[in-house]
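J.: This is the structure, below, for whatever I ask next.
The values are calculated or read from the model by the stated rules, or taken from the named source; none is laboratory data. Small disclaimer: the values here were computed from a predicted structure and weren't measured. A quick note on method: Cβ atoms are made from the backbone with ideal geometry, for glycine too, and the neighbour counts reach across all protein chains shown.
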Amino acid sequence: MFVLYQQDLLNLSADEALARGDDPKPDQYAAALVRGVGSHRAEIDEVLGKHVEGWSLQRLGVLERAILRLAAYELTWEPDVPSAVVIDEAVESAKRFCSDEAGALVNGVLGSVAGTVRAQEAGG
């Protein structure tokens with residue numbers, strides 16, 4: 001999440017953002033998530049834009065965007081991770097690092113995204 005935050009804030013590529021971290025060799029799964037979000041960012045932003053009611057994605061804080069992008073990526077391209085786990089982690093991150101209001105926003109947006117994305121996968 002923090003790598004995605006830096007990437008967005010500083011307009012870095014996924015690899016540039018990963019190289020800025022304290023760990024010269026980041027966790028493989030975390031690196032795969034960062035690269036996945038980077039590879040699908042336009043698609044992720046399009047999906048999120050449809051579910052952020054009354055706001056534009058660009059009006060959200062950079063950290064809120066990073067949290068939403070990461071979770072939307074997991075919901076869409078990591079089907080083995082349960083929706084409830086993805087949403088809960090994102091909400092807790094938003095509450096911890098942003099605000100309770102951000103947690104509520106993240107919960108609503110991701111609940112809507114999960115209902116759309118995961119329902120399509122299930123044939124619904």
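J.: Taking the condition of being assigned to a helix (DSSP H, G or I) and crowded, with 16+ Cβ neighbours inside 10 Å, how many residues in the stretch 72-103 meet it?
T.: 18
J.: Being in contact with a helix residue (DSSP H, G or I) (Cβ under 7 Å, 6 or more places away or on another chain) and in a helix (DSSP H, G or I) is true for just one of 63, 12. Which residue is that?
T.: Testing whether each residue is in contact with a helix residue (DSSP H, G or I) (Cβ under 7 Å, 6 or more places away or on another chain) and in a helix (DSSP H, G or I) leaves just 63.
J.: Name the pairs whose Cβ atoms lie under 8 Å apart, with the first residue in the stretch 28-39 and within 13 Å of residue 66 (Cα to Cα) and in contact (Cβ under 8 Å) with a residue 24 or more places away in the chain, the second crowded, with 20+ Cβ neighbours inside 10 Å and of a type in the set (Asp, Glu), and 6 or more positions between them or separate chains?
T.: That search, which allows pairs on different chains as well, returns 33/74.
J.: Right, something else. Quick one: would you say residue 57 is at pLDDT 95 or above, of a type outside the set (Asp, Glu), closer than 17 Å to residue 108 by Cβ and under 15 Å from the mean Cα position of the chain (by Cα)?
T.: So residue 57 does not fit the description; no.
J.: Any idea which of 42, 72 is over 10 Å from the mean Cα position of the chain (by Cα) and free of Cβ contacts under 8 Å to residues at least 60 places away in the same chain?
T.: Result of the check over 42, 72: 42.
J.: Continuing with the same structure: Being touching a residue at least 60 places away in the same chain (Cβ under 8 Å), surrounded by 14 or more Cβ atoms within 10 Å (Cβ to Cβ) and touching a Cys at 6+ places or on another chain (Cβ under 6 Å): is that true of residue 48 here?
T.: Taking the combined requirement at face value, the residue does not satisfy it.
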